[in-house]
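A.B. asks: Okay, here's the structure, questions in a sec.
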Amino acid sequence: MKLSFKNENRPRLLKRLPDPELLPALVSEWYRSAQGIAVLKAESAIVKPIISRLFGYHILQVGPNDEVSLIDESPVGHKIIFAPSWRPGIQNAVSDIEELPLETDSIDVVVAHHALDFTDDSRKLLREVTRVLRPGGHMLIVGFNPVSPWGFWRVFKHRAYVPWRGRFLSKKRLSDWLQLLNLQIDSVDYGLHFLPLKFASLLRRAEKVERLCRKLHSPLGGAYFVLCVKQVPTITPAMPKWRPLRSPATRTAIPAAENIRLKIH
């Protein structure tokens with residue numbers, strides 16, 4: 001049975017996304033910038049302790065490009081990252097992350113690194129990574145938070161490509177989708193508390209700002225980190241409804257003691 005989501009067709013969002021063929025290069029270029037380096041450093045600092053306690057045989061990272069890895073420190077032995085397209089010197093296998101060449105219930109840990117922010121169909125991608133995740137497996141979703149200075153700044157950066165043309169899905173909407181897919185939220189964290197500006201002086205203080213705001217548990221970080229678990233469906237055995245057997249009651253008359261006569265020969 002196909003799960004139904006509200007607002008399945010949202011062409012307004014699709015128009016905001018960069019060309020899929022250009023997206024990987026744009027993301028790579030941004031992560032090499034001073035702002036992108038600060039973002040990746042802050043995200044890695046949050047992701048590392050989370051995935052360090054998640055175990056299994058296979059871990060998968062999906063995202064808009066394959067050159068940035070957040071799963072290198074994972075204790076899981078087999079690490080999988082797919083490249084969106086072929087290029088010279090490529091190290092990873094090529095695949096469309098919305099149609100993964102993986103068996104159902106085969107992956108122990110999935111890390112969706114801004115994958116839902118930069119895809120033609122966020123719901124389809126979430127269904128696909130949920131399909132390959134085994135029951136009881138963990139999924140860590142990293143996404144841009146629209147309820148933050150980064151989300152506010154995005155309003156004024158609508159003509160830029162990365163990261164401002166991403167979807168910036170709200171945590172509330174994401175939580176509704178996760179519930180439909182039987183993914184139970186285990187923990188939520190926030191990062192990117194520094195302002196989304198490219199001034200070198202501000203970026204140098206980004207790490208201090210992160211530490212302070214994380215101590216205060218501020219929910220206004222530019223990115224959220226949602227860890228969820230794929231629930232195992234509860235199977236209720238169908239017990240046959242037996243009709244109780246109603247046998248007529250048999251009564252045995254017991255003579256009173258004084259009415260008993262013993263014959264003595």
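The values are calculated or read from the model by the stated rules, or taken from the named source; none is laboratory data. This is a predicted model, so every value here is computed, not measured. FYI the Cβ positions are ideal-geometry reconstructions off the backbone, even for glycines, and counts take in every protein chain you see.
A.B. asks: Please go through the stretch 110-162 and give me each residue that is at pLDDT below 95, of a type in the set (Phe, Trp, Tyr) and either surrounded by fewer than 20 Cβ atoms within 10 Å (Cβ to Cβ) or part of a strand (DSSP E or B) (or both), ordered by number.
C.D. replies: Passing the criteria: 152, 153, 156, 161.
A.B. asks: Among residues belonging to the stretch 89-105 that are out of contact with any helix residue (DSSP H, G or I) (no Cβ under 6 Å at 6 or more places or on another chain) and of a type in the set (S, T, N, Q), point out the one that is surrounded by the most Cβ atoms within 10 Å (Cβ to Cβ).
C.D. replies: 95
A.B. asks: Under the condition of being closer than 21 Å to residue 126 by Cβ and assigned to a loop (DSSP other than H, G, I, E, B), which residue from the stretch 40-68 is nearest to the chain's Cα centre (by Cα)?
C.D. replies: Taking the candidates together, the pick is 63.
A.B. asks: State whether one or more residues within the stretch 62-77 are buried (at least 23 other Cβ atoms within 10 Å of the Cβ), in contact with an Asp or Glu (Cβ under 9 Å, 6 or more places away or on another chain) and of a type in the set (A, V, I, L, M).
C.D. replies: yes
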